[in-house]
Amino acid sequence: MCGFIGILAPPGTEIFPQLYAGLLAIQHRGQDAAGALTWNGRFHLHKARGLVRDVFGEAEAARLRGTMGIAHVRYPTVGAGGVEDSQPFSIAYPFGIGMAHNGNVTNFDEIKRHLEGESHWHVNSSCDLEGILNIFGDELAQQQVGRLRAEHVFKAVEGVFRRVKGAYSVVGLIAGEGLYAFRDPYGIKPIIMGQRVDEKGRRSVCIASESVLLDILDFHSSTDIQAGEAVFVDLAGDVHRKVLTDKPHSPCLFEWVYFARPDSFLDRVSVYKTRLRLGESMAEIWKATGWHADVIIPVPESAVTSAMALARTLDMKYREGLVKNRYIGRTFIMASNRQRQSSIRNKLNTIQLEFEGKDVLLVDDSIVRGNTSRQIVELARRAGARKVYFASVSPPLRHPCIYGIDMSTKNEFIAKDRSPEEIATEIGADGVVYQTLENLVSAVREGNPEITTTCNACFSGLYPTGDVTEEQLARIEAERLVPR
């Protein structure tokens, strides 16, 4: 799960400051690497490992010139994770094409063999974006285009949809021609577009992973790119759109649970409101246990909204008894299990007065491997809690995500073959409660009833693309076990 931004602005506008501000707004989506590609008659590229603030300095800002550009923050799921896998990527032919994406290509090995063996395109990284980019370029080149038009881009995207499987939202630029974007046929990964008109009536267009970025950069008239839709923005700022497939739109539920910022909208559904509804629906689940708690304490930050709603619904005390060090990254998206375990204690500290002598209900967004949950329960007990209960506002995670979230090894899931009682014993809690999948789906659909299907594979094991095999799951599991 990564984050991206693409901007096309009027002549005379330097867009790197906007790209940089946009990346800062979505830093939560990836902390491993960052990069930017701009165009002002030639491509200018810079990418490196690290946070946005560390990757780009004055020298890079001075070099990344242009009125059109794309940028990316990376969270690694497969591959070596080196700078060679960082995005954006570019190719010189046809036209000169740059690209960044969020997602995971499930048939990348097959694509790589075809590109190298039959088309003689050299694949120089283990990043699946290189497969999408080369296929897009191949499909564009086959049309023998003279002057590029929107229909050429749409036909190339149709070719990508035929040949590339998995989940992917893509933004890119074509040198001297414009900005383009597309969303996979099932619309699993989020992507949104906004526009802005300056005092001279000139239009700028921004395409990004989350709406919060558009808000911060003052892009309005925002609209989600639909499942299977392609967009081309020409140099005049005119937007051309076409839906190319008719698959059921199935957005990823885990976006609303964890990844997205609460001030974002995804497919017209407020992340904040969804998390409120998840907290409210947990109230009945908690009451059914018959357990007693004196106080509800959230695990910051994704669960804060849900915990507040749960406390209000139950008329219980709410306290922020866990203090987060905001200079430590999000443990879920750290590249290795060792990094996750070593950072948890540095990330959180307790306010002892809120735990001492109390029965505490801790609320978190999810329980994945159990490492974080176990250490948080230990923190609560060391702070003097009499009893510690643990609530997950998402259902049990039991199945690997093949679409770009680091849950790829099924043996890592603490809930894979354990009951809530066994999970409580495993993490040292007095009890564990989970949200239901029905409640999670309802919380999202209440915000947008037009969402009739979702990607909930990590909870249900039902993969919306319908083409996931045991061999693919085993391959991705093996890749995730490679130390980084």
- Message: From the list 151, 139, exactly one residue is surrounded by fewer than 20 Cβ atoms within 10 Å (Cβ to Cβ), closer than 18 Å to residue 181 by Cβ and at pLDDT 90 or above. Which is it?
- Response: 151
- Across (1) over 19 Å from residue 283 (Cα atoms); (2) part of a helix (DSSP H, G or I); (3) not charged (D, E, K, R), residue 462 clears everything bar (2)
- Message: Can you find, within the range 37-59, the residue that is nearest to residue 87 (Cα to Cα) among those that are under 20 Å from the mean Cα position of the chain (by Cα) and among the small types (Gly, Ala, Ser)?
- Response: 48
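Here is a yes/no grid of residues against (1) surrounded by fewer than 17 Cβ atoms within 10 Å (Cβ to Cβ); (2) on the phi > 0 side of the Ramachandran plot; (3) touching a strand residue (DSSP E or B) at 6+ places or on another chain (Cβ under 8 Å):
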site	(1), (2), (3)
402	no, no, yes
406	no, no, no
419	yes, no, no
427	no, no, yes
454	no, no, yes
460	yes, no, no
- residue 135 versus (1) outside any helix (DSSP H, G or I); (2) closer than 27 Å to residue 405 by Cα: which is the lone unmet condition? (1)
- Can you pull out the residues in the range 78-129 that are in a helix (DSSP H, G or I) and closer than 26 Å to residue 34 by Cβ? 83, 84, 85, 108, 111, 112, 129
- Task: Hey, can you tell me all the residues within the range 2-30 that are β-branched (Val, Ile, Thr) and surrounded by fewer than 22 Cβ atoms within 10 Å (Cβ to Cβ)?
- Result: 13
- Message: Pairs please, first residue from the range 252-278 and surrounded by fewer than 24 Cβ atoms within 10 Å (Cβ to Cβ), second anywhere and among the basic types (Lys, Arg), Cβ atoms under 8 Å, 6+ apart in sequence or on different chains.
- Response: 262/275
- Does residue 66 count as outside any strand (DSSP E or B) and either within 16 Å of residue 22 (Cβ to Cβ) or aromatic (Phe, Trp, Tyr) (or both)? yes
- Message: Looking only at the range 362-398, count every residue that is assigned to a loop (DSSP other than H, G, I, E, B), of a type outside the set (A, V, I, L, M) and over 18 Å from the mean Cα position of the chain (by Cα) and tell me the total.
- Response: 7
- So residue 200, is it surrounded by fewer than 24 Cβ atoms within 10 Å (Cβ to Cβ), at pLDDT 95 or above, of a type in the set (D, E, K, R) and more than 16 Å from the chain's Cα centre (by Cα): no
- Apart from one, (1) at pLDDT below 95; (2) in a helix (DSSP H, G or I) all hold for residue 416; the odd one out is (2)
- Picking from 237, 279, which residue would you name as being part of a loop (DSSP other than H, G, I, E, B) and more than 19 Å from the chain's Cα centre (by Cα)? 237
- Query: Which of the residues that make up the range 203-220 are charged (D, E, K, R) and touching a residue at least 60 places away in the same chain (Cβ under 8 Å)?
  - Reply: 203, 210
- Please specify each residue of the range 242-273 satisfying the condition of being within 22 Å of residue 462 (Cα to Cα) and among the aromatic types (Phe, Trp, Tyr). 254, 256, 258, 259
- Task: Give the residue, chosen from 83, 52, that is modelled with pLDDT under 95 and hydrophobic (A, V, I, L, M, F, W, C).
- Result: 83
- Task: Report yes if some residue within the range 66-74 is more than 23 Å from residue 183 (Cα to Cα) and in contact (Cβ under 8 Å) with a residue 40 or more places away in the chain; otherwise report no.
- Result: yes
- Task: Within the range 174-191, count every residue that is within 21 Å of the chain's Cα centre (by Cα) and not hydroxyl-bearing (Ser, Thr, Tyr).
- Result: 10
- Task: Output the strands (runs of 3 or more DSSP E) that fall wholly within the range 148-222 and possess 1 or more residues being of a type in the set (Val, Ile, Thr) and over 15 Å from residue 137 (Cβ atoms), or say none.
- Result: 166-174, 192-197, 203-208
- Item | Unique match (being surrounded by fewer than 22 Cβ atoms within 10 Å (Cβ to Cβ) and of a type in the set (Ser, Thr, Tyr)) among 169, 119 | 119
- Message: Yes or no: the range 373-390 includes at least one residue that is at pLDDT 95 or above, of a type in the set (Gly, Ala, Ser), out of contact with any Phe, Trp or Tyr (no Cβ under 7 Å at 6 or more places or on another chain) and buried (at least 20 other Cβ atoms within 10 Å of the Cβ).
- Response: no
- Message: Which condition from (1) within 30 Å of residue 201 (Cβ to Cβ); (2) touching a Pro at 6+ places or on another chain (Cβ under 6 Å) is the one that residue 32 breaks?
- Response: (1)
- Task: Working carefully through the options 71, 92, 100, find the one that is out of contact with any strand residue (DSSP E or B) (no Cβ under 6 Å at 6 or more places or on another chain) and within 20 Å of residue 136 (Cβ to Cβ).
- Result: 92
- Hey, any hits in the range 397-420 for a residue that's touching a His at 6+ places or on another chain (Cβ under 8 Å) and over 24 Å from residue 461 (Cα atoms)? no
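The values are calculated or read from the model by the stated rules, or taken from the named source; none is laboratory data. Quantities reported herein were computed from a predicted structural model and do not represent experimental measurements. Using ideal geometry, Cβ is built from the backbone for each residue, glycine included, and neighbour counts are taken over all protein chains shown.
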